Amino acid sequence: MPRHPLLRQLSIFLFFTLLVSLVIALTTVYISLRSIREQQLFSELELRAILIQDVLPESLRDLSSPQIDSLLKPIALHGQTRITLFDSHANLIGDSHFPGTSIAETDIRPEVDQSLKTGSHHIIRFSTSEHSTNLYVAQRAILASNDTVVIRLAESQDLINASVAPLRKRMLLIGAVILIVMSIMGWLLARRVTLPLDDVLNHAQSFAAGDLQHRLPVYDEPLAKGLATALNEMAKTLDHRMIEVVRQRNELEALLSSMVEGVIAVDSHGYLLRMNRAAIGLLGLEQPPATGKLLVEIVRHTGLQRMVETALAGAGFLEERITLPGKEPRTVQVHGTLLPGESGQKTGAVIVINDMTRIEKLERIRSEFVANVSHELRTPITSIKGFVETLRDGAIDDPDEAKRFLDIVYRQSERLNSIIEDLLNLSRIEREEKTLEREPCNLADTLRPLTAEFQERCNAKQIPFTTECDQEIVVNANAQLLLQAVSNLLDNAFKYGGGRPIAMQIKKSEEQVLISVIDHGAGIPVEHLERIFERFYRIDAARSRSLGGTGLGLAIVKHIANSHGGFVTVDSNLGSGSTFTIHLPV
């Protein structure tokens, strides 16, 4: 059942307003009528006092005569009006209701005293002799004997009450009828006005609950119609603004979530407002922190906290490189600036964190690469230059020495050519990684010439070599590059395997094809495992050069695997050998 609070409240208000108004009006009318009746009674008593003066016997010579009471009694109207005579000194002479001086009035008589001065006076007061409230009219009169007397007439106030009682009953009846009729009319009017307003209120509560798609109907009542139209326009405007706000918020959330830079926003007191996923990861937090907490409680890092405090102090655009602790310490570039408000006042600060760890690592690798290339190229060039100078200084005249020197120059030039070829291959692989041409290749057929050639090399050195390959394994690959990668792994196993058995295994799982080359050499120390795929990185540089290595073989294997959408791993233990595995997608 729908609620109508406005109708109930307005009906109660109208009823009590009408009731109070009627009570005030009827009371005013009753008091006015009673006052009119009192004035009428006073006038009647004054007129009777004048008439009594005329009918007093002229033989009333002695004011002390005991016959005065008996003379006054017949004059009283049916015994209802009390007549009292007073002499010029306000002494009681006679009374129609209380004959004899023994029962004379002992209360004060202000009307008598006042009439002696002014001629007449009327008053309403309480009588101590009658124990009632009476209306008194006192009239000064001069008798035939030239004696001055005061004729006082008294009527009980009950006479007035009795005369207005029927009128009071009729007034109450009329007031009740008016109250009922006006209440019904007021309720109907209130219902006509408030029912639409109550309906508008119920619909407005839908707006307050967030249902801005809701619309109010059009009412006939002008006030409700105007209010409903205004609310519908307001809901429409709010709905459009909310859609825009949600859209902008979603765009902002998507933008912040897609950023690789960490973004932290704090208010003017350092409490967290927003933090994107990148910042959560960079700061090493396990879960998104709750907003409204102090940033210093979330991230305990003095450098970051100092940056926030400096930014909030209004120091302009700030930039600083700091190191974040953790299992893997990260070097980050932190930028800080004020977060301006609508009126330009300070509302907080924005901190942007860029992860520089990979860039620093690449810079270090580049620097080491340049140094390694320079070193690798300088060694054969220096050797070639030295022996050529020796030949020019006269060693060319000695055929045996000249032949030996030329053999050394040839070997160094071959080494120099190998380094350059590997560098060119590596550059080509990186350049063509995204446009690499691939086709389905049966691994057994593709690798058969390579394994046959490698088998001959192992037989010449009496090194056991075994292969294990399913004949049905097919991958989408560039056959030439794949042969080069496996050849590099087999070549390393041959060089560093210490003459022990070598094996090649090709296996297939649900998601990957694994090409593994296993040797049983000295193995690789743990501290070198993460860097052996870097260019020119050598565990034992002297031994590697003596075996003819360029330091680029494993780097080439890594990039070939990456260009095929895979990767390469190594598992090695000192004294038991190493296993290099190329992981290719099925």
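The values are calculated or read from the model by the stated rules, or taken from the named source; none is laboratory data. Everything numeric here is computed off the predicted structure, so don't read it as measured data. Cβ: placed from backbone, ideal geometry, glycine included. Neighbour counts: every protein chain shown. Protein only, heavy atoms only, side chains kept; ligands, DNA and RNA dropped before computing areas. Shrake-Rupley method; radii C 1.70, N 1.55, O 1.52, S 1.80 Å.
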Discussion item. Can you tell me the length gained on complete extension of the stretch Arg8 to Leu26, counting 0.36 nm per residue apart and subtracting the Cα distance?
Written reply: 3.8 nm
Worksheet item: Ignoring any ligand, DNA or RNA, what whole percent of the accessible area of the range 269-353 comes from carbon and sulfur when the probe is 1.4 angstrom?
Response: 51
Item to complete: Could you look at the range 117-193 and say what percent of its accessible area is carbon and sulfur, using a 1.4 Å probe and all protein chains?
Response: 64
Fill in: Computed label-point distance, nm, for sites Asp158 and Arg125 using a 7 Å Cα→Cβ extension
2.2
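Under the classification rounded if a/c is under 1.5, otherwise prolate if a/b is larger than b/c and oblate if not, where does the range 436-538 fall, given a ≥ b ≥ c as square roots of the Cα gyration tensor eigenvalues?
Working: a/c = 1.80, a/b = 1.27, b/c = 1.42.
Here the range 436-538 falls in the oblate category.
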Worksheet item: Which value, in Å³ per residue, describes the convex hull spanned by the Cα atoms of the range 283-343?
Response: 103
Worksheet item: Cross-link partners among lysines for Lys403, C-alpha distance below 22 Å, same-chain residues fewer than 8 apart left out?
Response: Lys385
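Set the Förster radius R0 to 30 Å, insert the Cβ-Cβ distance between Arg274 and Arg241 as r into 1/(1 + (r/R0)^6), and round the FRET efficiency to 0.05. Let's see the in-between values first.
Working: r = 21 Å, r/R0 = 0.71.
Calculated value: 0.90.
Can you tell me the order of 307-313, 461-467 when each peptide is scored by its average per-residue count of other Cβ atoms within 10 angstrom, highest first?
On the way: 307-313: 18.6, 461-467: 13.9.
Descending mean neighbour count gives 307-313, 461-467.
How would Glu437, Glu233, Glu456 rank on accessible area, largest to smallest, probe 1.4 Å?
Glu437, Glu456, Glu233
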